[in-house]
Amino acid sequence: MVPLRPRWQGWARQVLRFTTEELGVDLRGTRVLVAYSTGVDSTVLLHLLASWRAPLGIEVHAAHAHHGLRPEADLEAQKARAVCAALGVACHVERLKLSGDMASPGMEDQARQARYTWLENVRRATQSHWILTAHHANDLAEDILLRLVRGVGWPALAGMPGRDDTRRLLRPLLCCPKETLVRYAQEHELSWCEDPSNCLPLTRRNRIRTQVLPLLCAENPRWLERCLDLWRLASRDAAFWQDQTRPLRLIRFFPNEFLRAMPAAQRLRVLATALRSLGPGQVRAQTLLRVDELWYHQRHPRCVQFPGDKCILVRADGLAVMPIFRRPQADFARTSFSL
């Protein structure tokens with residue numbers, strides 16, 4: 001039994017309510033895998049989940065990815081095992097195989113992809129229902145700013161989803177500021193590891209975290225709450241458009257008469273949905289608007305590329321969405337549509 005201090009029990013109920021009502025996941029009776037880095041955020045998440053085991057009937061596993069990129073990595077792996085043993089939580093530790101070092105271009109993305117691939121393997125091996133990550137309100141605000149800089153469109157502009165069914169990811173702390181997690185850890189006398197690389201201005205994310213976000217919070221002390229409000233609005237918009245576009249998700253060719261029959265907002269959502277169905281790769285607003293402009297003014301033939309090796313062909317008879325390595329076919333299959 002891992003007890004919570006009385007003053008934190010109400011906060012814990014708020015987190016559980018957020019998970020149940022806003023993320024739509026009932027954790028009772030589930031088996032979950034916590035992505036545990038030994039940092040303060042994931043340490044709080046692991047401790048909170050451990051306190052819920054008895055009242056909610058949750059089985060908790062922890063997974064610690066050893067990237068081997070920093071001198072502290074071996075000690076952090078030892079720390080993960082020790083903390084999990086003290087909490088009575090099964091701990092899975094793996095040394096990931098990465099090419100390069102901290103200074104290598106794209107290392108952050110490579111490490112992230114390797115980590116999530118391994119987490120999914122552990123989730124399947126343990127038959128866990130969800131992978132829980134400790135992303136919080138500050139992370140959400142950073143992600144919104146990063147997406148704004150990259151030119152991501154609405155509603156993806158409002159940041160990472162709290163629930164990702166495709167990857168079986170759940171982010172129950174997304175409504176909590178970082179400072180709240182630090183206070184929780186301090187008052188429960190938890191110990192954690194600090195990653196000094198998080199403060200180095202080597203990546204865009206770190207620069208936003210250490211330089212931009214503090215300025216915005218100084219301008220508006222409730223900035224994190226406003227970001228969460230934006231996230232909530234976007235989540236509702238995304239759910240609406242997902243329902244509207246689901247029947248068209250696997251369509252790859254959209255004839256002119258079909259496109260002209262819908263307003264521009266719906267047309268853009270349909271194209272974005274078709275692109276996402278081809279695999280990973282964010283659909284940037286500027287590029288999608290460019291496609292719509294080319295189609296509207298009948299400037300064809302054109303091929304507009306998107307991240308993730310995808311493209312949209314602007315043709316005389318409509319728009320075709322396809323992987324970029326596939327040669328365009330003049331006799332692309334037609335489909336009948338109705339709105």
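The values are calculated or read from the model by the stated rules, or taken from the named source; none is laboratory data. Computed from a predicted model, the values in this text were never measured in an experiment. Using ideal geometry, Cβ is built from the backbone for each residue, glycine included, and neighbour counts are taken over all protein chains shown.
Brief remarks follow.
- Selection count, the range 259-290, where residues are part of a helix (DSSP H, G or I) and either polar (S, T, N, Q) or outside the structural domain of residue 318 (by TED's automatic domain parsing) (or both): 4
- Among the residues examined, residue 174 qualifies as crowded, with 16+ Cβ neighbours inside 10 Å and not assigned by TED's automatic domain parsing to the domain that holds residue 283.
- Within the range 166-195, considering residues that are more than 17 Å from the chain's Cα centre (by Cα) and free of Cβ contacts under 8 Å to residues at least 40 places away in the same chain, the one farthest from residue 52 (Cα to Cα): 179
- Selection status of residue 129, closer than 30 Å to residue 4 by Cβ, in contact with a strand residue (DSSP E or B) (Cβ under 9 Å, 6 or more places away or on another chain) and either not hydrophobic (A, V, I, L, M, F, W, C) or not assigned by TED's automatic domain parsing to the domain that holds residue 69 (or both): yes
- When the range 247-301 is filtered for residues that are surrounded by 14 or more Cβ atoms within 10 Å (Cβ to Cβ), touching a Leu at 6+ places or on another chain (Cβ under 7 Å) and touching a residue at least 60 places away in the same chain (Cβ under 8 Å), the ones remaining, listed by number, are 254, 259, 262, 268, 272, 283, 288.
- Checking 169, 202, 148, 157 one by one, the residue that is closer than 19 Å to residue 111 by Cβ and at pLDDT below 95 is 202 and no other.
- When 27, 49 are checked against the criterion of being within 21 Å of the chain's Cα centre (by Cα), crowded, with 17+ Cβ neighbours inside 10 Å, at pLDDT 95 or above and not in a loop (DSSP other than H, G, I, E, B), 49 stands alone in meeting it.
- Under the condition of being assigned to a loop (DSSP other than H, G, I, E, B) and hydroxyl-bearing (Ser, Thr, Tyr), the residues counted in the range 168-212 number 2.
- Screening the range 106-115 for residues that are in a helix (DSSP H, G or I) and more than 11 Å from residue 96 (Cβ to Cβ) and picking the one that is modelled with the highest pLDDT gives 109.
- Total residues in the range 292-325, condition assigned to a loop (DSSP other than H, G, I, E, B) and among the β-branched types (Val, Ile, Thr): 1
Yes or no, residue by residue, for (1) surrounded by fewer than 13 Cβ atoms within 10 Å (Cβ to Cβ); (2) in the same structural domain as residue 107 (by TED's automatic domain parsing); (3) β-branched (Val, Ile, Thr); (4) closer than 18 Å to residue 141 by Cα:
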residue	(1), (2), (3), (4)
185	no, yes, no, no
189	yes, yes, no, no
192	no, yes, no, no
196	yes, yes, no, no
200	yes, yes, no, no
204	no, yes, no, yes
209	no, yes, no, yes
234	no, no, no, yes
237	no, no, no, no
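- Tally of residues being within 18 Å of the chain's Cα centre (by Cα) and at pLDDT below 90 across the range 239-275: 1
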